[in-house]
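Input: a single structure, listed below in structure tokens.
Nothing in this text is a laboratory measurement; each read-out follows from the coordinates by a stated rule. Just so you know, these numbers come straight off a predicted model, no measurement behind them. Methodologically, a virtual Cβ is constructed for each residue, glycine included, from the backbone with ideal geometry; neighbour enumeration extends over all protein chains shown.
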């Protein structure tokens, strides 16, 4: 296939596919420019030249610090295409501290009910905290935790233990809760794996490859907790460093470290 044909194929695979069903989105959901229908399917294979930003129609780079409990500063230059069909999110140590990358679809791509998947090769090492997660798309008007958070996968200093968690508010906004599935697993840093979540009314099912980790429902919540997940979400991919949970990097930490994202897909349900 010639270069023109390859470019056409990449464009077709990475474009937003407008479909006809409207029932999957809540009122006020945000849709990509040029998509007139009320529900979309998305596939991004992160093709492009090395050093380019991911598709700006879908992704924004998050920069600066204090976005999470990690000790890193996020820079746009640490979340770029690698020229080999991946988004490379890199953590490095500099004379000024630790820097890393974080991208999100906030205010660009709202993901309604459906299956959201990212194929990722995770890094591993003391103090490394790669994550793929979702937050309510109306976060600006309904601040966290009332907008909800779904952590599809977090690896915290150890690629042999998975963590999948939901966060939300208690009744009366008197505090927050978290409910999690976690446990041992063969080393996830040795190869690419598909991390996915099926998000439907009153149910959130999370899995890795062909394995279902578990399903959260309103019955999963502690007493006085509120289920607030029946809303569109936006996606986040990041590599945090340090913090209370992961602990600081040490001499064993392989830096620079890279989280490679082969593709990202959302399929409406």
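Annotations for the structure displayed:
- Ratio of Rg to Rh over the range 167-252 (Cα coordinates, Kirkwood Rh, two decimals): 1.01
- Taking every alpha-carbon pair within the range 63-130, the share separated by more than 13 Å comes to 72 percent.
- Of the residues 87, 239, 188, the one that moves most in a GNM of the chain with alpha-carbon contacts below 10 Å is 188.
- Estimated [θ] at 222 nm from DSSP helical runs (n ≥ 4, -39500 (n - 2.57)) normalised by residues in the chain, nearest 500: -1500 deg cm²/dmol
- Protection proxy ranking of 199-208, 162-171, 90-99, by the mean of other Cβ atoms within 10 Å over each peptide's residues and highest first, is 162-171, 199-208, 90-99.
- Projected label distance in nm at residue 209 and residue 180, using a 7 Å step from Cα toward the beta-carbon: 2.3 nm
- The separation of the range 112-141 from the range 41-64, counted between C-alpha centres, amounts to 15 Å.
- FRET efficiency, 1/(1 + (r/R0)^6) with R0 51 Å, evaluated for residue 217 and residue 84 via beta carbons: 0.80
- Measure of compaction for the chain (Cα Rg per 2.2 N^0.38 Å): 0.98
- Proportion of all alpha-carbon pairs of the range 70-224 beyond 18 Å (%): 63 percent
- Each peptide in 254-265, 123-134 gets a packing score, the mean of other Cβ atoms within 10 Å over its residues, and the list from highest to lowest is 123-134, 254-265.
- Each peptide in 146-157, 72-83, 55-66 gets a packing score, the mean of other Cβ atoms within 10 Å over its residues, and the list from highest to lowest is 146-157, 72-83, 55-66.
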